Amino acid sequence: MTSNTPPTTPAHIAFIGGGNMASAIIGGLIQQGLAADQITVVEPWAEARAKLAADFGITAHEAPGPALAQAGTVVWAVKPQTFKEAALQVRAHTPQALHLSVAAGIRSESIAHWLGTERVVRAMPNTPALVGQGMTALFARPGVTAQDCRSIEGVLAPTGEVLWVAEEVQLDAVTALSGSGPAYVFYFLEAMAQAGTDMGLPREQAYQLAVGTFAGAAELARRSTEPPEVLRQRVTSKGGTTFAAITRMEQADIKTQFIQAMRAAEQRARELGDEFGAG
């Protein structure tokens with residue numbers, strides 16, 4: 001699903017959960033001009049409520065209540081294991097709302113069942129959303145309208161890019177690829193920085209070189225029309241230093257191992273849906 005018109009921002013929005021991902025979205029919406037009194041947050045942890053007040057001037061509620069009724073859109077940013085209980089408490093207050101879930105693994109069918117509505121969009125964001133460089137995949141249930149989609153895009157626009165997938169099962173693959181993906185990048189950054197240190201560079205310089213290389217290579221790939229295989233070959237002269245490194249990786253079958261690791265993430269995403277699904 002795609003929309004060809006500009007995204008819109010809801011007049012009032014509620015967040016169930018006020019942690020890092022919710023804060024990233026809230027911060028972006030406020031930067032776009034949404035007032036703090038147009039945002040309702042339900043957050044059981046006192047420290048998180050205090051941080052929301054300090055950062056954004058938002059008075060968050062400890063538990064769901066009538067204040068949620070004014071929200072046209074509700075964003076679910078709760079842990080998978082607490083989603084059902086929270087949904088059953090919120091349901092009576094949001095009968096007309098559009099719901100957006102950023103909770104990992106919980107299928108939209110379960111969310112629709114718990115909330116008693118088909119106006120449910122399920123999202124798989126990633127942590128670069130915290131700096132406006134996120135990648136979020138979205139799936140909409142049949143009850144979601146084109147206008148609803150534009151509203152969801154407006155909510156998520158400050159966090160980075162969005163794309164719509166046609167089938168919900170694809171979100172398990174998205175989870176393995178981009179949802180968990182930042183951790184893979186950080187894992188390689190750890191290794192590159194360690195290697196640089198082992199080879200005699202100060203750790204700060206090794207890390208700076210590693211981060212700059214990842215950022216630059218990613219931007220080059222983004223701007224290029226060539227596939228990554230070609231981009232890699234352009235810096236891999238036979239018999240050269242890069243060739244030596246790539247050859248060692250291929251001998252260790254790192255690509256296959258990496259793909260298998262991502263399949264493990266996909267399987268775990270599927271298991272979360274089974275474990276915390278409707279019942």
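The values are calculated or read from the model by the stated rules, or taken from the named source; none is laboratory data. Computed from a predicted structure; not experimentally measured. Here the Cβ is made from the backbone with ideal geometry for all residues, glycine too, and neighbour counts use every protein chain on show.
Data table
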quantity	calculated
Evaluation of GLU266 against (1) among the charged types (D, E, K, R); (2) in contact with a Lys or Arg (Cβ under 9 Å, 6 or more places away or on another chain); (3) within 22 Å of PRO128 (Cβ to Cβ) (one fails), failing number	(2)
Test result for ALA215, loosely packed, with under 14 Cβ neighbours inside 10 Å, touching a Pro at 6+ places or on another chain (Cβ under 7 Å) and either assigned to a helix (DSSP H, G or I) or of a type in the set (Val, Ile, Thr) (or both)	no
Meets criteria (at positive phi and surrounded by fewer than 23 Cβ atoms within 10 Å (Cβ to Cβ)) for GLY116	yes
Flag for ILE30 being surrounded by 21 or more Cβ atoms within 10 Å (Cβ to Cβ), in the same structural domain as LEU156 (by TED's automatic domain parsing), of a type in the set (Val, Ile, Thr) and on the phi < 0 side of the Ramachandran plot	no
2 or more residues among the hydrophobic types (A, V, I, L, M, F, W, C), touching a residue at least 60 places away in the same chain (Cβ under 8 Å) and within 22 Å of MET262 (Cβ to Cβ): qualifying helices (runs of 4 or more DSSP H) within segment 99-184	170-174
Hey, GLU167 under 18 Å from ALA24 (Cα atoms), out of contact with any Pro (no Cβ under 8 Å at 6 or more places or on another chain) and modelled with pLDDT of 95 or more or not	no
Single residue of segment 53-104 satisfying the filter (in contact with a Lys or Arg (Cβ under 8 Å, 6 or more places away or on another chain) and small (Gly, Ala, Ser)) that is farthest from GLU167 (Cα to Cα)	ALA60
Any hit, segment 123-139, residues being surrounded by fewer than 22 Cβ atoms within 10 Å (Cβ to Cβ) and closer than 15 Å to VAL169 by Cβ	no
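Residues are listed down the side, and each one gets a yes or a no for (1) modelled with pLDDT of 95 or more; (2) assigned by TED's automatic domain parsing to the domain that holds GLY160; (3) in contact with a helix residue (DSSP H, G or I) (Cβ under 9 Å, 6 or more places away or on another chain):
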residue	(1), (2), (3)
SER3	no, no, yes
PRO6	no, no, yes
GLY17	yes, yes, yes
GLU43	yes, yes, yes
ALA50	yes, yes, no
THR59	no, yes, yes
ALA67	no, yes, yes
ARG107	no, yes, yes
